[in-house]
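Take a look at the structure set out below.
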Amino acid sequence: MGGGAEPRGSGRVRVTVVGGGLGGIAAALSCADGGAEVTLVEVRPRLGGAAYSFERDGMLLDNGQHVFLRCCTAYRALLERLGTAEATTLQSRLEIPVIAPGGQVQWLRRGRLPAPLHLTGALATYGHLSIRERVRAARAARRLSRLDLADDGLDRRTFGAWLEDNAQSPGATESLWNLIALPTLNISADEASLAMAAFVFQTGLLHDAAAGDVGYARLPLSQVHGEPSARALRAAGVDVRTGWRAERVEVGSSGEFTVQGAEDEVAADSIIVALPHARTADILPEGALDDPARLERLGASPIVNLHVVYDRRVTDFELAAGVRSPVQWLFDRTGESGASDGQHLAISLSGADREARMSRDELHDLYVPALRELLPRARDARIERFEVVREHNATFRSAPGVGRLRPGARTRIDGLALAGAWTATGWPATMEGAVRSGLNAAREALRVRERARLAEEVMA
């Protein structure tokens, strides 16, 4: 791979994308579609970033249960481009079983009425709330739908404080609002930015009846993202280099960029850095950001996934939420993991600061009884395997003030752009946010070509 610093002489703008997660993949494909000559470098031996699969003792595990909604249009378009949309399931209508201890199941279903009336029936019959709590929840939902997302003051308050001001009891917060806030923001309502929460609820539930229909992968994530992305990138003419560690980005006096690696370098007219925010500041050239320390202040929020394999089927639900239980969400991953007998459940724990510090045995002792409380058929089942997967820095922390910390795609250095779900896409740290960030960064990178074309016209 030597000689990467030499111009390729094709006459096309050269774009190097640093990072092979969903943001980097989307950016590279968009730049290639725009006529650029694209190189993508990724330190791992695979693509897919934070949404990936791995093998552990003969079982294929996803690192997390990455769901999406019908309103995630950019992510769904990427799946179509990769040819893997059919490897996912998207509900025809929002329908979530919510289980309380004792196996009591209530359903959150959207009706056929237009938004916001589509949720009226769901709230009216949701038995995990009292009648008074349901009435107050409906009022709060209406008020939440009317908040102005352009109001900077929303990012100075917590969602939990707003819920309390709007007569939401702690039980209602746990049994309703956190069902959505925790998995989408990766932080509880009590800690989350009101601005971020208002965006999630307005975009995903309150303004469009169909927006909140839930989708998820039916195959391991490596078969939905990683391997298909590598094929699509190469088909688009992108030079994909995995196992390639980028150490720093340098900019020359003529404006040309060089990405320095451990044993090689790549020259480019534009650079897109699509790395986790914790690593981005170290690789950028001086002066790229007004305040690089802002990236560190974005913080981190962990996700923990428990993989529990039973010797028999213990539930018929493909996905379900738990209330009044440490179990947040569970997914049936029996077919995806290759488990031939019994049932494989994945338990997704967002905002998992406590669980990230717990040992495997402590997690086992807490969650196995909790699952028995939710799933009566699990009480007589034997556990064949219990695996723990931790992502300590899964996402940035969506706390108040986060809006001021997230940078846009454009940096202070012309031709150098940023991508990643942590950038200012307006979306939380989701797969949709990552893909949108890549598209934003690609637009910035391709402006180099447009400026060069205009300059040539002036010279002519």
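The values are calculated or read from the model by the stated rules, or taken from the named source; none is laboratory data. None of these values were measured; they are calculated from a predicted model. Don't worry about glycine lacking a Cβ; one is built from the backbone with ideal geometry, like all the others, and counts go over all protein chains shown.
Would you confirm whether any residue within region 411-432 is without any contact (Cβ under 8 Å) to a residue 40 or more places away in the chain, within 24 Å of residue 448 (Cβ to Cβ) and basic (Lys, Arg)?
No: region 411-432 contains no residue that is without any contact (Cβ under 8 Å) to a residue 40 or more places away in the chain, within 24 Å of residue 448 (Cβ to Cβ) and basic (Lys, Arg).
Look through 209, 235 and report the one residue that is buried (at least 17 other Cβ atoms within 10 Å of the Cβ), of a type in the set (A, V, I, L, M) and either outside the structural domain of residue 66 (by TED's automatic domain parsing) or in contact with a helix residue (DSSP H, G or I) (Cβ under 8 Å, 6 or more places away or on another chain) (or both).
209
State the number of residues belonging to region 55-96 that are touching a Pro at 6+ places or on another chain (Cβ under 9 Å), over 29 Å from residue 202 (Cα atoms) and of a type outside the set (A, V, I, L, M).
The total comes to 2.
Within the group 176, 233, 182, 205, which residue is assigned to a helix (DSSP H, G or I), closer than 30 Å to residue 137 by Cα and over 19 Å from the mean Cα position of the chain (by Cα)?
176
Within region 184-200, work out how many residues are under 18 Å from residue 329 (Cα atoms) and surrounded by fewer than 21 Cβ atoms within 10 Å (Cβ to Cβ).
1
I'd like the full set of residues that are within 22 Å of residue 186 (Cα to Cα) and out of contact with any helix residue (DSSP H, G or I) (no Cβ under 7 Å at 6 or more places or on another chain), limited to region 365-387.
366, 367, 370, 387
Filter region 101-150 down to the residues that are among the polar types (S, T, N, Q) and closer than 13 Å to residue 206 by Cα, then identify the one that is nearest to the chain's Cα centre (by Cα).
145
Would you mind listing the strands (runs of 3 or more DSSP E) fully within region 297-397 where at least 1 residues are among the small types (Gly, Ala, Ser), in contact with a strand residue (DSSP E or B) (Cβ under 9 Å, 6 or more places away or on another chain) and farther than 23 Å from residue 126 by Cα?
301-310, 343-349, 383-395
Count, please, the residues in region 398-438 that happen to be on the phi > 0 side of the Ramachandran plot and either in a helix (DSSP H, G or I) or in the same structural domain as residue 185 (by TED's automatic domain parsing) (or both).
0
Under the condition of being among the small types (Gly, Ala, Ser) and in contact (Cβ under 8 Å) with a residue 60 or more places away in the chain, which residue from region 387-410 is nearest to residue 279 (Cα to Cα)?
394
Conditions tested, residue by residue: (1) under 28 Å from residue 158 (Cα atoms); (2) not aliphatic (A, V, I, L, M).
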| site | (1), (2) |
| --- | --- |
| 200 | yes, no |
| 250 | no, yes |
| 262 | no, no |
| 280 | yes, yes |
| 295 | yes, no |
| 298 | yes, no |
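Within region 242-261, can you find the residues that are over 27 Å from residue 65 (Cα atoms) and either in a strand (DSSP E or B) or touching a Phe, Trp or Tyr at 6+ places or on another chain (Cβ under 8 Å) (or both)?
The answer is 246, 247, 248, 249, 250, 251, 257, 258, 259, 260, 261.
Considering only region 7-28, I want to know if a residue exists there that is closer than 18 Å to residue 434 by Cβ, outside the structural domain of residue 420 (by TED's automatic domain parsing) and of a type in the set (Lys, Arg).
Within region 7-28, none of the residues are closer than 18 Å to residue 434 by Cβ, outside the structural domain of residue 420 (by TED's automatic domain parsing) and of a type in the set (Lys, Arg).
Which number in (1) in the same structural domain as residue 420 (by TED's automatic domain parsing); (2) buried (at least 20 other Cβ atoms within 10 Å of the Cβ) marks the one condition that residue 304 misses?
The failed condition is (1).
Looking at region 78-123, which of its residues are among the small types (Gly, Ala, Ser), in contact (Cβ under 8 Å) with a residue 40 or more places away in the chain and either assigned to a strand (DSSP E or B) or under 30 Å from residue 29 (Cβ atoms) (or both)?
83, 87, 92, 100
Working carefully through the options 149, 194, 221, 206, find the one that is out of contact with any Lys or Arg (no Cβ under 9 Å at 6 or more places or on another chain), at pLDDT 95 or above and not small (Gly, Ala, Ser).
149 is the lone residue from the list that is out of contact with any Lys or Arg (no Cβ under 9 Å at 6 or more places or on another chain), at pLDDT 95 or above and not small (Gly, Ala, Ser).
What is the one condition in (1) modelled with pLDDT under 95; (2) farther than 19 Å from residue 445 by Cβ that residue 276 does not satisfy?
Residue 276 satisfies all of (1) modelled with pLDDT under 95; (2) farther than 19 Å from residue 445 by Cβ except (1).
Any chance region 126-134 includes a residue that's in a helix (DSSP H, G or I), touching a residue at least 24 places away in the same chain (Cβ under 8 Å), surrounded by 14 or more Cβ atoms within 10 Å (Cβ to Cβ) and not assigned by TED's automatic domain parsing to the domain that holds residue 371?
Yes, that holds for at least one residue.
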